[in-house]
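Since the structure comes first, as C-alpha coordinates, the remarks are kept for the end.
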Amino acid sequence: MDKLQAMQIFVRVADVGSFTKASDTLQLARSAVTRAVQELEEHLRIRLMNRTTRRLHLTEEGRQYYDSAKFILGAVEESEMQYREAVSNPKGTLKIDVQTSIARCLIGPRLHEFHALYPDIELNFGAADRIVDLIEEGVDCAIRVGDLSDSTLVARQVGVFRRITVASPTYLARAGQPGNLEDLSDHHVIHYTDGKGARPPMFEFATPKGIVNVRMKRSVQVNDTETYIALAKAGMGMIQAAQFSVASALESGELVEILPSFPVPKKPISIVYAHREKLAPKLRVFIDWVATLIEHSALGVTRARPAINPANAERISALRPG
(Lines give C-alpha, C1' and ligand atoms only; values in the text may rest on other atoms or scores of the structure.)
Protein backbone atom coordinates (compact mmCIF):
# COMPACT_ATOMS: atom_id res chain seq x y z
CA MET A 1 0.00 0.00 0.00
CA ASP A 2 1.24 3.48 -0.90
CA LYS A 3 0.56 5.23 2.40
CA LEU A 4 0.91 8.75 1.00
CA GLN A 5 -1.48 8.07 -1.87
CA ALA A 6 -3.92 6.34 0.47
CA MET A 7 -3.89 9.39 2.74
CA GLN A 8 -4.50 11.67 -0.25
CA ILE A 9 -7.42 9.54 -1.39
CA PHE A 10 -8.91 9.39 2.12
CA VAL A 11 -8.70 13.19 2.52
CA ARG A 12 -10.35 13.77 -0.88
CA VAL A 13 -13.17 11.36 -0.05
CA ALA A 14 -13.71 13.14 3.25
CA ASP A 15 -13.64 16.56 1.58
CA VAL A 16 -16.25 15.76 -1.09
CA GLY A 17 -18.27 13.31 1.00
CA SER A 18 -18.43 10.65 -1.70
CA PHE A 19 -16.29 7.86 -3.15
CA THR A 20 -17.71 8.50 -6.61
CA LYS A 21 -16.99 12.24 -6.57
CA ALA A 22 -13.51 11.57 -5.21
CA SER A 23 -12.78 9.11 -8.00
CA ASP A 24 -13.95 11.65 -10.58
CA THR A 25 -11.79 14.50 -9.28
CA LEU A 26 -8.77 12.23 -8.74
CA GLN A 27 -9.31 10.53 -12.12
CA LEU A 28 -9.11 7.11 -10.50
CA ALA A 29 -11.44 4.13 -10.73
CA ARG A 30 -14.03 4.08 -7.96
CA SER A 31 -12.87 0.60 -6.99
CA ALA A 32 -9.31 1.90 -6.53
CA VAL A 33 -10.57 4.70 -4.27
CA THR A 34 -12.67 2.31 -2.18
CA ARG A 35 -9.82 -0.20 -1.91
CA ALA A 36 -7.32 2.48 -0.81
CA VAL A 37 -9.56 3.59 2.07
CA GLN A 38 -10.26 -0.01 3.09
CA GLU A 39 -6.54 -0.87 3.10
CA LEU A 40 -5.84 2.25 5.14
CA GLU A 41 -8.44 1.21 7.72
CA GLU A 42 -6.99 -2.32 7.84
CA HIS A 43 -3.48 -0.93 8.27
CA LEU A 44 -4.58 1.39 11.09
CA ARG A 45 -6.99 -1.21 12.55
CA ILE A 46 -9.69 1.43 12.99
CA ARG A 47 -12.83 2.41 11.14
CA LEU A 48 -12.39 5.84 9.57
CA MET A 49 -15.79 6.20 7.94
CA ASN A 50 -19.35 5.02 8.37
CA ARG A 51 -21.03 4.47 5.00
CA THR A 52 -24.71 4.59 4.14
CA THR A 53 -26.44 4.31 0.78
CA ARG A 54 -26.71 8.11 0.58
CA ARG A 55 -23.56 9.49 2.18
CA LEU A 56 -20.69 8.81 4.52
CA HIS A 57 -19.62 10.23 7.88
CA LEU A 58 -16.23 10.30 9.56
CA THR A 59 -15.93 8.47 12.85
CA GLU A 60 -14.30 10.25 15.78
CA GLU A 61 -11.05 8.44 14.97
CA GLY A 62 -11.56 9.32 11.33
CA ARG A 63 -11.80 13.03 12.12
CA GLN A 64 -8.61 12.86 14.16
CA TYR A 65 -6.80 10.99 11.40
CA TYR A 66 -8.16 13.44 8.80
CA ASP A 67 -6.59 16.38 10.67
CA SER A 68 -3.27 14.54 10.95
CA ALA A 69 -3.32 13.50 7.30
CA LYS A 70 -4.10 17.04 6.13
CA PHE A 71 -1.16 18.34 8.17
CA ILE A 72 1.22 15.67 6.83
CA LEU A 73 0.14 16.11 3.21
CA GLY A 74 0.48 19.87 3.55
CA ALA A 75 3.99 19.52 4.97
CA VAL A 76 5.03 17.18 2.17
CA GLU A 77 3.63 19.52 -0.45
CA GLU A 78 5.32 22.53 1.11
CA SER A 79 8.66 20.73 1.25
CA GLU A 80 8.46 19.58 -2.35
CA MET A 81 7.44 23.01 -3.60
CA GLN A 82 10.77 24.43 -2.42
CA TYR A 83 12.56 22.33 -5.04
CA ARG A 84 10.12 22.37 -7.89
CA GLU A 85 11.00 24.04 -11.10
CA ALA A 86 7.43 25.27 -11.24
CA VAL A 87 8.23 27.90 -8.65
CA SER A 88 10.26 29.83 -11.21
CA ASN A 89 8.55 28.36 -14.27
CA PRO A 90 4.84 27.73 -13.49
CA LYS A 91 3.35 24.89 -15.50
CA GLY A 92 0.43 22.50 -15.53
CA THR A 93 -3.32 22.64 -16.08
CA LEU A 94 -5.39 25.32 -14.40
CA LYS A 95 -9.18 25.08 -14.23
CA ILE A 96 -10.97 28.39 -13.76
CA ASP A 97 -14.59 29.51 -13.89
CA VAL A 98 -15.65 33.07 -14.74
CA GLN A 99 -19.01 34.88 -14.69
CA THR A 100 -20.22 35.06 -18.29
CA SER A 101 -20.21 38.79 -18.99
CA ILE A 102 -16.80 39.31 -17.35
CA ALA A 103 -15.43 36.37 -19.35
CA ARG A 104 -16.81 37.69 -22.63
CA CYS A 105 -16.04 41.37 -22.24
CA LEU A 106 -12.81 41.45 -20.25
CA ILE A 107 -10.90 38.28 -19.40
CA GLY A 108 -11.51 36.26 -22.57
CA PRO A 109 -10.13 38.93 -24.95
CA ARG A 110 -6.96 39.21 -22.81
CA LEU A 111 -6.17 35.54 -22.14
CA HIS A 112 -3.61 35.52 -24.96
CA GLU A 113 -1.54 37.93 -22.86
CA PHE A 114 -1.48 35.50 -19.94
CA HIS A 115 -0.54 32.66 -22.30
CA ALA A 116 2.34 34.73 -23.67
CA LEU A 117 3.64 35.25 -20.12
CA TYR A 118 3.16 31.62 -19.02
CA PRO A 119 3.14 29.36 -22.09
CA ASP A 120 3.51 26.19 -19.99
CA ILE A 121 0.21 26.74 -18.17
CA GLU A 122 -2.74 25.12 -19.91
CA LEU A 123 -6.00 26.89 -19.10
CA ASN A 124 -9.30 25.08 -18.79
CA PHE A 125 -11.52 28.16 -19.08
CA GLY A 126 -15.19 27.94 -18.18
CA ALA A 127 -17.72 30.77 -18.50
CA ALA A 128 -21.04 30.35 -16.72
CA ASP A 129 -23.52 32.25 -14.56
CA ARG A 130 -24.16 29.35 -12.18
CA ILE A 131 -22.18 29.06 -8.95
CA VAL A 132 -19.78 26.13 -9.26
CA ASP A 133 -18.58 24.04 -6.32
CA LEU A 134 -14.81 24.49 -6.43
CA ILE A 135 -14.02 21.36 -4.41
CA GLU A 136 -16.49 18.96 -6.01
CA GLU A 137 -15.82 20.12 -9.57
CA GLY A 138 -12.06 20.44 -9.23
CA VAL A 139 -12.01 24.16 -10.07
CA ASP A 140 -8.85 26.00 -9.01
CA CYS A 141 -10.43 29.45 -8.80
CA ALA A 142 -13.51 31.37 -9.87
CA ILE A 143 -14.46 34.97 -10.57
CA ARG A 144 -17.74 35.67 -8.80
CA VAL A 145 -20.10 38.61 -8.59
CA GLY A 146 -22.09 39.43 -5.47
CA ASP A 147 -21.96 38.45 -1.81
CA LEU A 148 -20.40 35.06 -1.14
CA SER A 149 -22.35 32.49 0.85
CA ASP A 150 -19.56 29.92 1.28
CA SER A 151 -17.43 31.12 4.19
CA THR A 152 -14.95 28.23 3.82
CA LEU A 153 -13.47 29.72 0.64
CA VAL A 154 -10.83 32.41 0.34
CA ALA A 155 -12.15 35.52 -1.42
CA ARG A 156 -10.12 38.45 -2.72
CA GLN A 157 -12.24 41.40 -3.83
CA VAL A 158 -10.77 43.01 -6.93
CA GLY A 159 -13.54 45.21 -8.31
CA VAL A 160 -17.10 46.44 -8.22
CA PHE A 161 -19.85 45.27 -10.56
CA ARG A 162 -21.91 48.31 -11.53
CA ARG A 163 -25.23 47.80 -13.30
CA ILE A 164 -27.63 50.15 -15.04
CA THR A 165 -31.26 49.90 -16.08
CA VAL A 166 -31.73 49.87 -19.86
CA ALA A 167 -34.25 49.12 -22.60
CA SER A 168 -34.45 49.50 -26.35
CA PRO A 169 -35.93 52.58 -28.05
CA THR A 170 -38.49 50.25 -29.63
CA TYR A 171 -39.73 49.07 -26.24
CA LEU A 172 -39.83 52.59 -24.77
CA ALA A 173 -41.74 53.89 -27.80
CA ARG A 174 -44.33 51.19 -27.23
CA ALA A 175 -44.50 51.16 -23.42
CA GLY A 176 -43.54 54.73 -22.54
CA GLN A 177 -40.57 56.31 -20.77
CA PRO A 178 -40.78 55.89 -16.95
CA GLY A 179 -40.14 59.05 -14.97
CA ASN A 180 -39.97 57.52 -11.49
CA LEU A 181 -40.04 54.16 -9.72
CA GLU A 182 -43.84 54.17 -9.42
CA ASP A 183 -44.12 54.13 -13.22
CA LEU A 184 -42.31 50.77 -13.40
CA SER A 185 -45.29 48.74 -12.20
CA ASP A 186 -46.79 48.94 -15.71
CA HIS A 187 -43.57 47.85 -17.45
CA HIS A 188 -42.21 44.44 -18.45
CA VAL A 189 -38.83 43.02 -17.55
CA ILE A 190 -36.75 40.24 -19.03
CA HIS A 191 -36.39 38.10 -15.92
CA TYR A 192 -32.89 36.79 -15.30
CA THR A 193 -32.42 33.77 -13.01
CA ASP A 194 -29.27 31.86 -12.15
CA GLY A 195 -31.20 28.76 -11.17
CA LYS A 196 -30.59 29.10 -7.42
CA GLY A 197 -34.29 29.23 -6.62
CA ALA A 198 -37.54 30.89 -7.55
CA ARG A 199 -37.44 34.68 -7.37
CA PRO A 200 -40.14 37.06 -8.60
CA PRO A 201 -39.25 39.50 -11.39
CA MET A 202 -37.91 42.53 -9.54
CA PHE A 203 -35.59 45.45 -10.12
CA GLU A 204 -33.60 46.91 -7.25
CA PHE A 205 -32.60 50.54 -6.85
CA ALA A 206 -30.50 52.53 -4.41
CA THR A 207 -32.42 55.46 -2.92
CA PRO A 208 -31.67 57.90 -0.07
CA LYS A 209 -33.86 55.68 2.13
CA GLY A 210 -32.04 52.48 1.21
CA ILE A 211 -32.48 49.65 -1.29
CA VAL A 212 -35.91 49.51 -2.92
CA ASN A 213 -37.21 46.42 -4.75
CA VAL A 214 -39.82 47.06 -7.43
CA ARG A 215 -42.04 44.17 -8.55
CA MET A 216 -42.62 44.18 -12.30
CA LYS A 217 -44.24 42.12 -15.05
CA ARG A 218 -42.23 39.33 -16.65
CA SER A 219 -42.13 39.02 -20.43
CA VAL A 220 -39.67 36.10 -20.58
CA GLN A 221 -37.25 34.31 -18.24
CA VAL A 222 -33.63 33.51 -19.17
CA ASN A 223 -30.51 32.15 -17.47
CA ASP A 224 -27.85 33.45 -19.85
CA THR A 225 -26.50 37.01 -19.96
CA GLU A 226 -26.00 37.14 -23.73
CA THR A 227 -29.62 36.13 -24.32
CA TYR A 228 -30.66 38.58 -21.61
CA ILE A 229 -29.08 41.50 -23.48
CA ALA A 230 -30.15 40.27 -26.94
CA LEU A 231 -33.82 40.14 -25.90
CA ALA A 232 -33.58 43.65 -24.48
CA LYS A 233 -32.25 44.90 -27.82
CA ALA A 234 -35.18 43.14 -29.49
CA GLY A 235 -37.62 45.20 -27.41
CA MET A 236 -39.02 42.51 -25.12
CA GLY A 237 -38.55 44.51 -21.94
CA MET A 238 -36.19 46.24 -19.53
CA ILE A 239 -33.06 44.74 -18.01
CA GLN A 240 -30.52 45.64 -15.33
CA ALA A 241 -27.17 44.71 -16.82
CA ALA A 242 -23.48 45.35 -16.18
CA GLN A 243 -22.58 48.71 -17.69
CA PHE A 244 -19.50 47.33 -19.45
CA SER A 245 -21.53 44.55 -21.09
CA VAL A 246 -23.98 47.01 -22.73
CA ALA A 247 -21.53 49.86 -23.40
CA SER A 248 -21.42 49.29 -27.16
CA ALA A 249 -25.22 49.00 -27.35
CA LEU A 250 -25.55 52.31 -25.48
CA GLU A 251 -23.11 53.97 -27.89
CA SER A 252 -24.94 52.65 -30.95
CA GLY A 253 -28.37 53.53 -29.57
CA GLU A 254 -29.64 49.94 -29.51
CA LEU A 255 -30.23 50.43 -25.79
CA VAL A 256 -30.79 53.54 -23.68
CA GLU A 257 -30.43 54.10 -19.96
CA ILE A 258 -33.57 54.46 -17.84
CA LEU A 259 -33.92 56.33 -14.54
CA PRO A 260 -30.23 57.29 -14.15
CA SER A 261 -31.09 59.20 -10.96
CA PHE A 262 -32.01 55.86 -9.35
CA PRO A 263 -28.79 53.79 -9.53
CA VAL A 264 -28.71 50.02 -9.24
CA PRO A 265 -26.91 48.74 -6.09
CA LYS A 266 -23.31 47.71 -6.73
CA LYS A 267 -21.97 44.20 -6.21
CA PRO A 268 -18.42 43.10 -5.34
CA ILE A 269 -16.28 41.18 -7.82
CA SER A 270 -14.11 38.57 -6.11
CA ILE A 271 -11.52 35.96 -7.00
CA VAL A 272 -12.42 32.85 -5.03
CA TYR A 273 -10.21 29.84 -4.29
CA ALA A 274 -10.11 27.04 -1.77
CA HIS A 275 -6.97 27.63 0.30
CA ARG A 276 -4.97 30.68 1.36
CA GLU A 277 -1.68 28.88 2.01
CA LYS A 278 0.58 26.79 -0.21
CA LEU A 279 -0.94 27.95 -3.47
CA ALA A 280 0.37 26.19 -6.55
CA PRO A 281 2.64 28.55 -8.54
CA LYS A 282 0.35 28.25 -11.59
CA LEU A 283 -2.62 29.39 -9.48
CA ARG A 284 -0.71 32.16 -7.73
CA VAL A 285 0.45 33.78 -11.01
CA PHE A 286 -3.05 33.57 -12.50
CA ILE A 287 -4.66 35.14 -9.43
CA ASP A 288 -2.14 37.99 -9.49
CA TRP A 289 -2.57 38.49 -13.25
CA VAL A 290 -6.38 38.55 -13.26
CA ALA A 291 -6.50 40.73 -10.14
CA THR A 292 -4.28 43.31 -11.83
CA LEU A 293 -6.34 43.09 -15.02
CA ILE A 294 -9.64 43.75 -13.23
CA GLU A 295 -8.30 46.37 -10.84
CA HIS A 296 -6.85 48.45 -13.71
CA SER A 297 -9.76 48.00 -16.10
CA ALA A 298 -12.81 50.20 -16.55
CA LEU A 299 -14.93 47.33 -15.30
CA GLY A 300 -18.23 48.66 -14.07
CA VAL A 301 -17.20 52.32 -14.31
CA THR A 302 -19.95 54.44 -15.85
CA ARG A 303 -19.76 57.92 -17.20
CA ALA A 304 -22.54 60.41 -16.57
CA ARG A 305 -24.97 60.27 -19.47
CA PRO A 306 -28.55 61.43 -20.03
CA ALA A 307 -31.30 58.85 -19.82
CA ILE A 308 -31.90 59.31 -23.55
CA ASN A 309 -29.58 61.22 -25.82
CA PRO A 310 -31.22 63.44 -28.48
CA ALA A 311 -30.72 60.92 -31.28
CA ASN A 312 -32.41 58.17 -29.30
CA ALA A 313 -35.22 60.48 -28.24
CA GLU A 314 -36.01 61.10 -31.89
CA ARG A 315 -36.02 57.36 -32.60
CA ILE A 316 -38.42 56.67 -29.73
CA SER A 317 -40.72 59.49 -30.81
CA ALA A 318 -40.78 58.22 -34.39
CA LEU A 319 -41.58 54.68 -33.28
CA ARG A 320 -44.33 55.66 -30.81
CA PRO A 321 -47.82 54.88 -32.15
CA GLY A 322 -49.91 57.91 -33.14
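The values are calculated or read from the model by the stated rules, or taken from the named source; none is laboratory data. All values derive from a computational prediction rather than experimental measurement. Every residue, glycine as well, gets a Cβ built from its backbone with ideal geometry; the counts of neighbours run over all protein chains shown. Areas reflect the complete protein model, heavy atoms only, side chains present, ligands, DNA and RNA absent. Shrake-Rupley method; radii C 1.70, N 1.55, O 1.52, S 1.80 Å.
Computed quantities for the displayed model
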| quantity | calculated |
| --- | --- |
| Accessible area of R104 in the full protein assembly, 1.4 Å probe (Å², nearest 10) | 90 Å² |
| Label point distance in nm, E136-V160, each placed 7 Å from Cα along Cα→Cβ | 3.4 nm |
| Spin-label model distance (nm) - R54 vs E277, 7 Å beyond Cα toward Cβ | 3.6 nm |
| Segment 39-59 residues near the modelled S68 label - backbone nitrogen below 17 Å, point 7 Å along Cα→Cβ | 39-49, 58-59 |
| L44, L231, ranked by accessible area, largest first (probe 1.4 Å) | L44, L231 |
| Solution diffusion estimate, µm²/s, Stokes-Einstein, segment 191-296, Kirkwood Rh from C-alpha pairs, 4 °C, viscosity 1.567 mPa s | 77 µm²/s |
| Candidates S297, S270, S245: whichever shows maximal mean-square fluctuation once the chain is modelled as a Gaussian network with Cα springs under 10 Å | S297 |
| Mean projected area (nm²) of the alpha-carbon convex hull when segment 88-149 is viewed from all directions | 4.9 nm² |
| Nearest-10 value in Å² for the accessible area of K217, using the 1.4 Å probe | 90 Å² |
| Partner aspartates and glutamates for K91 [C-alpha distance under 12 Å; skip if fewer than 8 residues away on the same chain] | D120, E122 |
| Square roots of five times the Cα gyration tensor eigenvalues for segment 1-52, Å | 16, 12, 9 |
| Reachable aspartates and glutamates, given that their alpha-carbon falls under 19 Å from the alpha-carbon of K233 and they are not under 8 places away in the same chain | D224, E251, E254, E257, E314 |
| Relative frequency of Cα-Cα separations exceeding 27 Å in the chain, percent | 56 percent |
| Heavy atoms of T20 accessible to a 1.4 Å probe, total area in Å² rounded to 10 | 70 Å² |
| Orientation-averaged projected area, Cα convex hull of segment 227-280 (nm²) | 6.2 nm² |
| Estimated inter-spin distance, E226 and E295, nm [label 7 Å along Cα→Cβ] | 3.1 nm |
| Built amide H within the under 5 Å cut-off of K91, gap 5+ | K282 |
| Carbon and sulfur %, accessible surface of the chain computed with the full protein complex present, 1.4 Å | 48 percent |
| Heavy-atom surface of the chain, accessible at 1.4 Å and reported per residue (Å²) | 54 Å² |
| Within the chain: Cβ-based charge dipole about Cα centre, in debye rounded to nearest 20 (Lys, Arg +1; Asp, Glu -1) | 760 debye |
| Segment 34-120 shape via C-alpha gyration tensor axes, a/c threshold 1.5 | oblate |
| Chymotrypsin sites (Phe, Trp or Tyr not before Pro) restricted to segment 24-98 and DSSP loop, no more than 15 other C-beta within 10 Å | Y83 |
